Structures are given as C-alpha cells and as structure tokens.
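Input: a single structure, listed below in structure tokens.
Bear in mind that the values in this text are calculations on the coordinates, not laboratory data. Because the structure is a prediction, the values reported are computed rather than measured. Glycine also receives a Cβ, built like all others from the backbone with ideal geometry; neighbour counts cover every protein chain displayed.
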Amino acid sequence: YIREVLSYSPGIAQAAMIIGRDISGKRREGLVSLVLLMRDYRDGPDSFDHLKGPLKGYLLERCDGCINEANLCITKPLMIRIEVEIWACLRPQEQPLAVREKLLEALRLFLEPETGRAESGRDSGRESRRENAWESIPKNRREIGNLPRKSQITAMLHSVRFSGNIVHVAASAVSGSGLRRYEVDLYELGEQPFGVGINGEHRIHLMFSEGG
C-alpha cells in the first residue's frame, strides 16, 4: 500500500499504514488506516481533501477485494506542535540576537517533518549558508509516528556553535488553541502512531555570564 500511495501523487510527502486502530486511538478490527502527510501541509487541507477520494477509489480497484471501502480509512496526521523553551548563558563578546536566530533556526530545521529542505531549496545561496551553519544538525526526516524526544532536541541544541552554553531546555507537546489548548511535557507524551511533530512557538532566554 505505501508504495502505491507514494507513487500516486508527488504531493504526498510521507505515508504510514496503521492496522486495527483509528486516529482517536480506538481499536477497530480489520480497519486499515493510511496516514498521509502532504508536502504543502502548512497551506491547509485543500490538497489532501481533493486527493483523498480518488486515491481511495484507486486503491480499492487494485487490492482485488482484500479490503472493502468501510475498512479503508485515509486520514491526515495528528499535528502535534512541539514548543521548546531554552535558557542559555553567553560570554560577553557574543551577540545575543545572532545566537537567538541560530537557536531558532536550528529548532525549526530539526523539528520540521521535511527537514526544511522544501523551503531552503528555493534559494541555493541560502541553502549553502545553511549547510555551513547547521552542518552538525541531523538531517533525518521526522517520520509519521516518530516524534522527537527531549533528549534528541537537547543534544541538537548543544551542537549549535556559539560562545556560551545551554543551561536548560524544556519541551512540550501542544494541541488545540485558546480554551481548548492542551499541553503536556514531551517526556510524558505517550505513543502517537498517527502523530507528526511540527514547530510550535519557541521561547529563548539569554543571559550573560559574569566575569567573561
């Protein structure tokens, strides 16, 4: 199924298949859930909505009766915003604005499901500068169901070069907004097979060390 799905449209960035469970976490015997992350997911659900019906028909035609329409579900991922708060101590000669931008862009690249390549590829000069600046940041994609751990985020931040050091890192998983906002420490977040981590609102606190 995954090969068929990915070859169906270049607009599909990732796909995952989950057997016997729906997106709410409930067990459903015989259910096949196909989870699709679109390349333009930031622009809203339109491309997914236009593709969902035709893709389902295409798959049902090719599966030779091994699955029926009622047991095949095509869904978007559960988007989980990862929000990181950083406390860092700088040496007096360091430029705080430059450090803030370094840390923010490192986070955005690390957490972006497509590793930021779609955006950075628009400007080859900018891409070259990014590769030089962030050469130590892991370039592996964030697969559906594979949310980053706090230890991975912390290790990545410690690899960003600046004159100073990371003092503390806090990371939360957030869904909803306003009165329906739900936030939990990333460490306490359970298994999320339908989940994809995306960038939330990051906060950075910088202070200068005493005595240089």
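Provide the net charge surrounding Ile12, with neighbours chosen by a C-beta distance below 13 Å and charges set as Lys +1, Arg +1, Asp -1, Glu -1.
On the way: positive: Arg3, Arg39, Lys52, Lys76; negative: Glu4, Asp40, Glu114.
Spelling it out: positives minus negatives among the neighbours equals +1.
For the stretch 36-97 and the stretch 184-212, what is the separation of their Cα centres, given in Å? A separation of 20 Å, based on Cα centres. Distance between the modelled labels on Ser175 and Glu85, one decimal in nanometres: 2.2 nm (7 Å Cα→Cβ projection). Once both labels are positioned 7 Å from their Cα atoms along Cα-to-Cβ, the gap between His158 and Lys26 label points is 4.4 nm. The amide H of Ile74, built 1.01 Å from its N in the peptide plane, has Leu34 as neighbours under 5 Å, considering only residues 5 or more places off or on other chains. For the stretch 1-111, lysine pairs separated by 8 or more sequence positions, or belonging to different chains, with Cα-Cα distances below 24 Å total 5.
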